[in-house]
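The values are calculated or read from the model by the stated rules, or taken from the named source; none is laboratory data. In this text, all values refer to a predicted model and were calculated from it rather than measured experimentally. Virtual Cβ from ideal backbone geometry, glycine too; neighbours counted across all protein chains shown. Side chains included, ligands, DNA and RNA excluded: accessible areas come from the protein's heavy atoms. Shrake-Rupley method; radii C 1.70, N 1.55, O 1.52, S 1.80 Å.
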Amino acid sequence: MKKIGGLLLLIVCLASCKKNCGIEHMIQGNYTGTFVRWQGKDGPVSHVKLTLSGSAFNGSSDSVYYPAICSGTFNTSSNPDSIHFVNTCAFPADFDWTFILNGSYKLVQTGDSLYIRRVIGDFVYEEDVYSLRRQ
């Protein structure tokens with residue numbers, strides 16, 4: 001009887017892990033770090049905070065609109081590892097909207113660190129890089 005109970009418990013644990021152990025579940029938490037836009041050389045660095053909770057995100061930067069994080073929803077994909085943000089905030093028209101945390105990014109998780117990156121443009125190489133550490 002104990003063996004059947006143990007086996008049943010193991011099956012329940014594995015089934016719940018299959019549902020909840022994806023990358024989205026693993027990256028939940030509060031992060032701090034830096035943001036930089038590379039334009040063939042190092043760009044200015046800003047300090048950022050980002051919280052990932054459930055399928056929602058919110059955050060801020062110590063620089064005005066560099067980047068513009070605010071809040072919204074996100075989802076992840078493991079093939080390839082990527083994260084897609086949908087920013088739900090309203091922004092003024094007088095700044096470069098490519099600095100808004102919105103759209104698809106490459107996601108790399110290493111231990112308690114997250115690296116979120118995306119290349120912008122077709123002709124000029126620009127890359128946004130968020131280097132974050134879980135708090």
From the residues in segment 54-69 that are farther than 14 Å from Ile83 by Cβ, in a strand (DSSP E or B) and of a type in the set (Gly, Ala, Ser), which one is most open to solvent (accessible area, probe 1.4 Å)? Ser60
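Go through segment 87-112 and give me each residue that's more than 11 Å from the chain's Cα centre (by Cα) and surrounded by 15 or more Cβ atoms within 10 Å (Cβ to Cβ).
If the condition is that a residue be more than 11 Å from the chain's Cα centre (by Cα) and surrounded by 15 or more Cβ atoms within 10 Å (Cβ to Cβ), then Asn87, Thr98, Phe99, Ile100 are the ones that fit.
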Tell me which residues, restricted to segment 28-53, are at positive phi and assigned to a loop (DSSP other than H, G, I, E, B). Gly40
Selection from segment 1-53 of residues open to solvent by 80 Å² or more (accessible area, probe 1.4 Å), β-branched (Val, Ile, Thr) and at pLDDT 95 or above yields Val45
Scope segment 79-98; condition under 25 Å from Ile23 (Cβ atoms) and either among the hydrophobic types (A, V, I, L, M, F, W, C) or touching a residue at least 60 places away in the same chain (Cβ under 8 Å) (or both); matching residues: Ile83, Phe85, Val86, Cys89
Just to be sure, is Ser77 small (Gly, Ala, Ser), surrounded by 14 or more Cβ atoms within 10 Å (Cβ to Cβ), at pLDDT below 95 and in a strand (DSSP E or B)? yes
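What are the residues in segment 24-45 that are without any contact (Cβ under 8 Å) to a residue 60 or more places away in the chain and closer than 18 Å to Tyr105 by Cα, if any?
Taking segment 24-45 as the starting set, the residues that turn out to be without any contact (Cβ under 8 Å) to a residue 60 or more places away in the chain are 24-25, 28, 41-45.
If the condition is that a residue be without any contact (Cβ under 8 Å) to a residue 60 or more places away in the chain and closer than 18 Å to Tyr105 by Cα, then Glu24, His25, Gln28 are the ones that fit.
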Taking Cys89 and the conditions (1) in contact with a Gly (Cβ under 8 Å, 6 or more places away or on another chain); (2) part of a strand (DSSP E or B), which numbered condition does it fall short on, given that it satisfies the others? (2)
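Yes or no: Thr88 at pLDDT below 95, on the phi < 0 side of the Ramachandran plot and polar (S, T, N, Q)? Working first, answer last.
On the way: at pLDDT below 95: no; on the phi < 0 side of the Ramachandran plot: yes; polar (S, T, N, Q): yes.
In short, no.
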